[in-house]
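The values are calculated or read from the model by the stated rules, or taken from the named source; none is laboratory data. A quick note: this is a predicted structure, and the numbers were derived from the prediction, not measured. Cβ placement follows ideal geometry from the backbone for every residue including glycine, while neighbour counts extend to all protein chains displayed. These area figures cover heavy atoms from the full protein model, side chains too; ligands, DNA and RNA do not enter into them. Shrake-Rupley method; radii C 1.70, N 1.55, O 1.52, S 1.80 Å.
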Amino acid sequence: AGKCGACGPGYASPLEAMKGNVPAGPRERLLYLPCIYRGTGIGAPDFLATVDVDPKSPRYCQVIHRLPMPNLGDELHHSGWNACSSCHGDPTKSRRFLILPSLISSRIYVVDVATDPRAPRLHKVVEAEELARKGNAAFPHTSHCLGSGEILISCLGDPDGNGKGTFILLDGETFEVKGNWEKGGKIPNLGYDFWYQPRHNVLLSTEWGVPKILAQGFDPRDVEKGHYGRRINVWDWSRRCLVQQLDLGPGSIPLEIRFLHEPRAAQGFVGCALGGAVWRFHGSPEGKWEAEKVIEVPNKKVQGWLLPEMPGLITDILISLDDRFLYFSNWLHGDVRQYDISDPRHPKLVGQVFLGGSISKGGAVTVVEDRELQDQPEPCVVQGKRIPGGPQMLQLSLDGRRLYVTTSLFSAWDRQFYPGMLTEGSVLLQLEVDTERGGLALNPKFLLDFGKEPGG
């Protein structure tokens, strides 16, 4: 990748990205994090934080810049790029802009991170009205750059807050909404995350819930009423139509979905939040797609909680660029897990660290029956601070050696399950990864406490 004189952004392959194109390897120096004030009682706009993670820097593990959004109540959630390795063969493309969809306001912010990477600036705002008018879409979630130079964004619903698993396309130059990606036919009742794999002519999407329902907080009765998802939706990539639905069972709620990085691999994994499970999906010789449960986190019988049994709530999953390890966050129980997936049908647990959660010793919850642990885990304390909340968003360094973790999920659910986090703030932690044998260890020198931000 380092020798290519006429290439676009990113790398020629995932393994090239893992090796990097400099002798020291692809050591990250900056992180960008959406920071959310919606629902906290603080009347400030969400902002994009730039964090210095260069160990040689005097401002290591500090927020060095804040870019406030121009509106209140957006609920920034996920992020994506305008261009990436999908455009690697096109030298006219470059990774210049960060795409920030807002889960509640339905705005999409385009942020210039190329002019000054240490101090991003707002480039454009795509208003909710444009999504509604051109695509009858709202509640944008996942943003992926395409080989065409366009940007594809999944949505959770329509402008009235009803569930609708639709997609919108943004022009890669003007960032105008071009319309819906799908070309008619059946549309899933719910939407959330997605991943596409052109070599297998497929896009797979998942389902969270009905936006106007989940925005109020989690009520178990809404699962029984069918307001939450249970399917992987299979789309024909070239024809842009829904061709198959894989039902993972009632109450599963499949969220983050990941293909293996090897471009020829017709398989990957999806994490089911309420089901506490990871399913492996794969293409069959007949051209259909199938799914099988390969990891299950048992519920814990508890006292002093919302329900008599506490699920793990798998919220984020990642796969290392060499397809050796799978990671997921177990938001309610409070642990991050690492599995060896050298045999994708039989993942092996090789690393586990508790970073807070609802079952720590000294809290309100008593575990009365646990099929995994002999004792409730100790609270997570870093530099004297007891970590509120549980591990949620994950990001792995390209070389696979550092796993970054934050603790906020979604303001309405944070308020319900971890009310202390709304007053104390979220944190950014770093786990050190054993990439040879597997294993996770908390870096005790790394703590970014967002409760100490100027606005709280």
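Computed quantities for the displayed model
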| read-out | value |
| --- | --- |
| Answer from F139, F175 - the residue that is over 21 Å from the mean Cα position of the chain (by Cα), buried (at least 18 other Cβ atoms within 10 Å of the Cβ) and on the phi > 0 side of the Ramachandran plot | F175 |
| Considering residues of region 274-294 that are in contact (Cβ under 8 Å) with a residue 60 or more places away in the chain and either assigned to a loop (DSSP other than H, G, I, E, B) or among the aromatic types (F, W, Y) (or both) only, the residue surrounded by the fewest Cβ atoms within 10 Å (Cβ to Cβ) | W289 |
| Unmet criterion (only one of (1) more than 17 Å from T315 (Cα to Cα); (2) not in a loop (DSSP other than H, G, I, E, B)) for L403 | (1) |
| Residue tally, condition assigned to a loop (DSSP other than H, G, I, E, B) and in contact with a Ser or Thr (Cβ under 8 Å, 6 or more places away or on another chain), over region 97-116 | 1 |
| Selection from region 295-312 of residues that are open to solvent by 30 Å² or more (accessible area, probe 1.4 Å), part of a strand (DSSP E or B) and in contact with a Lys or Arg (Cβ under 8 Å, 6 or more places away or on another chain) | E309 |
| Residue pairs meeting the criteria (Cβ under 8 Å; at least 6 apart or on separate chains; first over 25 Å from L394 (Cβ atoms) and touching a residue at least 24 places away in the same chain (Cβ under 8 Å), in region 238-264; second open to solvent by 20 Å² or more (accessible area, probe 1.4 Å) and of a type in the set (A, V, I, L, M)) | L242/I187; P250/V223 |
| Members of region 183-225 that are farther than 20 Å from M310 by Cα, surrounded by fewer than 23 Cβ atoms within 10 Å (Cβ to Cβ) and small (G, A, S) | G184, G185, A215 |
| Residue within region 202-217 that is modelled with pLDDT under 95 and outside any loop (DSSP other than H, G, I, E, B) present | yes |
| Within region 349-392, tally of residues that are more than 15 Å from G312 (Cα to Cα), touching a residue at least 60 places away in the same chain (Cβ under 8 Å), open to solvent by 40 Å² or more (accessible area, probe 1.4 Å) and part of a loop (DSSP other than H, G, I, E, B) | 2 |
